[in-house]
Amino acid sequence: MNVFGIRLVGLGADTGRKLLLTAALIVALVLLRTVIGALVGWAGRRRRTNEGTERARFWTRQAVSLTTVAVLLFGLVSIWFDDPGRLATAAGLVTAGLAVALQRVITSFAAYFIILRGRVFTVGDRITMGGVRGDVVQLGFMQTAVMEMGEPPGEQGDPPSVWVAARQYTGRIVRVTNDKIFDTPIYNYTREFPFLFEEIHIPIRYDADRARAESILLDVARRHTADIVREATEPLEHLGERYFLPDQVSLEPAVYWRLTDNWIEMSLRFLTRERGARGVKDRMSRDIIAAFDEAGLGLASGTYEIVGLPPVRVEMAGGRGA
């Protein structure tokens, strides 16, 4: 093709037709994806929104995205590489370049399919990945979006700092690249056993009624976790079918004693769901304090007793002492 007397190498009528077909394919796919997305959103609004509906909408969008990418790649190959020999040569050059220049991108994209195929996590799961803990709210080709949760002060060792000292939302959406599944451990709070073991530490004086204190702790824990223990029995059995679990795994509340220099530390261990643990601990703590007050039991604390003073000499003006 000549433009102002200049011959443009590689640009001819055949190339022009291919460019037009490529543009038409891209426009058609974009319009089709937009229409399908609008239909999915319309169907979701007509239904009552719940967790199942949100999951269905998410996986529908994922299927549409994957299908669109597959059709686009197939269409581009069909349009531009009608000769198999040229296709093999181009594919080799492109693959070599991508392997060097886009290593992290390729790894993240491969991790996306591992996440989909494996039992790593899915949307709605509560996870810790790449130092970020929270609920998965979006799963993309390259990144996973997490609604961040707070952490206890003892776990806030790495930046950025988190000001919420419990497993509750901070309000930040954090994006983590999918390739972190190859580099860091993935903690899943939800996938196979959606329950957590929690503890409340109570300091008891040595001269207090220790048996009564332990009885109160167990009574409060059983009252607040009885339904949770019943609900977790079957998932624990299924977990034992997949993994080797020690025989001493117990879902019932228990109290453990530890001797310190100042008091007996009673650790109340109990089961909670993966969500709402802070509310359960709050209600249990209030009931424990009320029961302790009724039983005349006080919590131990660090105190100091002054048993004596050395002689004190006061120097007065004029040299007299007293």
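The values are calculated or read from the model by the stated rules, or taken from the named source; none is laboratory data. None of the values given here were measured: they were computed from a predicted structure. Glycine gets a Cβ as well: all are built from the backbone with ideal geometry, and neighbour counts include every protein chain shown.
A few points about this structure:
- Within region 263-291, being at pLDDT 95 or above, among the aromatic types (Phe, Trp, Tyr) and out of contact with any helix residue (DSSP H, G or I) (no Cβ under 6 Å at 6 or more places or on another chain) holds for no residue.
- Phe193 vs. criteria touching a Pro at 6+ places or on another chain (Cβ under 6 Å) and either acidic (Asp, Glu) or closer than 19 Å to Glu274 by Cβ (or both): yes
Here's the yes/no breakdown for (1) aliphatic (A, V, I, L, M); (2) under 12 Å from the mean Cα position of the chain (by Cα); (3) at pLDDT 90 or above:
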site	(1), (2), (3)
Phe109	no, no, no
Gly118	no, no, no
Thr122	no, yes, no
Val137	yes, yes, yes
Gln143	no, no, yes
Met147	yes, yes, yes
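- First in region 10-24 and farther than 16 Å from Val77 by Cβ, second anywhere and modelled with pLDDT under 75, Cβ under 6 Å, 6 or more apart: Leu11/Met1; Gly12/Met1
- From Ile181, Ile127, residue being among the aliphatic types (A, V, I, L, M), modelled with pLDDT of 90 or more and touching a helix residue (DSSP H, G or I) at 6+ places or on another chain (Cβ under 6 Å): Ile181
- Remark: Leu251 matches the filter, which requires a residue to be in a loop (DSSP other than H, G, I, E, B) and among the hydrophobic types (A, V, I, L, M, F, W, C).
- Identification of strands (runs of 3 or more DSSP E) wholly contained in region 138-248 with 1 or more residues that are in the same structural domain as Arg283 (by TED's automatic domain parsing) yields 195-204.
- So Arg212, is it among the charged types (D, E, K, R) and surrounded by 13 or more Cβ atoms within 10 Å (Cβ to Cβ): yes
- Any pair with Cβ under 9 angstrom, 6 or more apart, that starts in region 110-122 at a residue that is surrounded by 12 or more Cβ atoms within 10 Å (Cβ to Cβ) and ends at one that is charged (D, E, K, R) and not in a helix (DSSP H, G or I): Ala110/Asp179; Ala111/Asp179; Val120/Arg191; Phe121/Arg191; Thr122/Arg191
- Restricting attention to region 208-256, the residues being free of Cβ contacts under 8 Å to residues at least 24 places away in the same chain and farther than 13 Å from Leu271 by Cα number 13.
- Within region 44-79, restricting attention to residues that are modelled with pLDDT under 70, exposed (fewer than 12 other Cβ atoms within 10 Å of the Cβ) and part of a helix (DSSP H, G or I), the residue that is nearest to the chain's Cα centre (by Cα) is Glu51.
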